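To keep things clear, I will list the structure first and then write my remarks on it.
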Amino acid sequence: MHIFAIANQKGGVGKTTTTVNLAAALTASGKRTLLVDLDPQGNATMGSGVDKRTLEKSVYQVLLGLANLDEARTVSPTGHFDLLPANRDLAGAEVEMVELNRREMRLKEALTRHASDYDFVLIDCPPSLSLLTLNGLCAAHGVVIPMQCEYYALEGLSDLVNTIKKVHANLNPDLKIIGLLRVMFDTRATLGHQVSAELEQHFGDKVFKTIVPRNIRLAEAPSYGIPGVLFDKAAKGSQAYLAFASEMIERVKTM
C-alpha cells in the first residue's frame with residue numbers, strides 16, 4: 001500500500017482536483033484506491049459524488065476513535081474508488097484531538113489495519129499546517145505537491161518543504177517528496193514558463209513530466225459530483241490527469 005498526501009499550504013492550487021482525478025484515474029487503471037478527505041470543507045467528498053450533508057460517519061469519527069475505517073468508508077458512485085469522507089464536523093476535531101494520545105498518528109493507525117486492502121491511498125490535506133495536515137503527513141510515505149507556476153507559489157513552497165523536513169526528522173522517517181505537479185498551467189504566460197523552468201532546475205526529476213493545463217471542463221466537473229477524467233475524458237485537463245496517473249504508477253515502481 002502506497003500512501004500519498006496531496007499537500008500545499010496555499011489554497012486554491014488544485015489539491016482537491018488533483019486528488020479526486022488521480023483517484024479516479026488510478027481506479028480506471030485497475031488499482032485499488034482509497035481517497036481520504038481530510039479537509040473540513042469536504043470538497044473532495046462532494047467532487048466524488050457523495051453528499052457530505054447526509055453522512056452518518058466520516059473521517060471525523062475515525063480520527064476520534066468513534067468508528068473504524070470499515071464503518072466510515074463508502075464508495076464514490078461516480079469515480080468507483082473507496083472514499084473516507086469529510087464534512088464540517090471535522091473542523092471540531094482539531095480541538096478535540098489535542099487531548100488524545102499520539103494525536104498526530106490517529107490516521108496512520110486507522111490505515112495500518114487495512115494495509116492489504118489498497119494499492120494506493122490518497123490524502124487530500126487542508127490548505128494549512130494544522131493537526132489534520134500533520135495526521136496526513138504522518139500517515140504518508142510521500143507527498144505530492146500540486147502547484148501553480150507563479151511567483152507566490154514559489155514562496156509557499158519553501159515553507160512546505162521545511163515542514164516536510166521537520167515531520168521527516170521528528171515524526172515520520174518514511175516521509176519524502178514524491179514530486180511536484182504543475183497544475184492550472186497557462187501556456188500563454190511567460191512567467192509560467194519561467195517558474196516551470198526554475199522548478200525543473202531546482203528540483204530536477206522530482207518535477208513530474210505531466211503538466212495539467214487550465215481547463216474549464218475540469219472546473220465544471222465537481223458541480224456534477226463527477227471526477228473530471230470521467231466527466232469529459234477527451235478534455236485536455238482530463239488527458240493530463242490520466243497521463244499523471246500512469247506516471248505515478250511508474251514512479252512507484254522505482255521507490
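FYI, it's all coordinate maths here, none of it is from the lab. Quick caveat: nothing in here was measured; it's all calculated off a predicted structure. We place every Cβ from the backbone using ideal geometry, glycine too, and count neighbours over all the protein chains shown.
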task = Go over the candidates Arg88, Arg106 one by one and state the one that is of a type in the set (D, E, K, R), over 21 Å from Pro222 (Cβ atoms) and in contact (Cβ under 8 Å) with a residue 24 or more places away in the chain.
result = Arg106
inquiry  = Based on this model, can you work out whether Leu137 counts as more than 21 Å from Tyr241 (Cβ to Cβ), without any contact (Cβ under 8 Å) to a residue 60 or more places away in the chain and either touching a helix residue (DSSP H, G or I) at 6+ places or on another chain (Cβ under 6 Å) or surrounded by fewer than 19 Cβ atoms within 10 Å (Cβ to Cβ) (or both)?
reply    = no
task = Among the numbered conditions (1) out of contact with any Cys (no Cβ under 6 Å at 6 or more places or on another chain); (2) under 24 Å from Asn43 (Cα atoms); (3) not in a strand (DSSP E or B), tell me where Gly136 comes up short.
result = (1)
inquiry  = Condition first: in contact (Cβ under 8 Å) with a residue 12 or more places away in the chain, of a type in the set (A, V, I, L, M, F, W, C) and over 21 Å from Leu199 (Cβ atoms). Now tell me which residues in segment 141-185 satisfy that.
reply    = Val167, Leu171
remark   = Those residues of segment 186-210 which are closer than 28 Å to Met1 by Cβ, in contact (Cβ under 8 Å) with a residue 12 or more places away in the chain and of a type outside the set (S, T, N, Q) amount to Phe203, Lys206, Val207, Phe208, Lys209
request  = Can you give me the number of residues within segment 146-182 that are closer than 20 Å to Lys209 by Cβ and touching a Lys or Arg at 6+ places or on another chain (Cβ under 9 Å)?
outcome  = 10
remark   = Among helices (runs of 4 or more DSSP H) entirely inside segment 10-112, those with 2 or more residues being surrounded by 22 or more Cβ atoms within 10 Å (Cβ to Cβ) and hydroxyl-bearing (Ser, Thr, Tyr) are 15-28
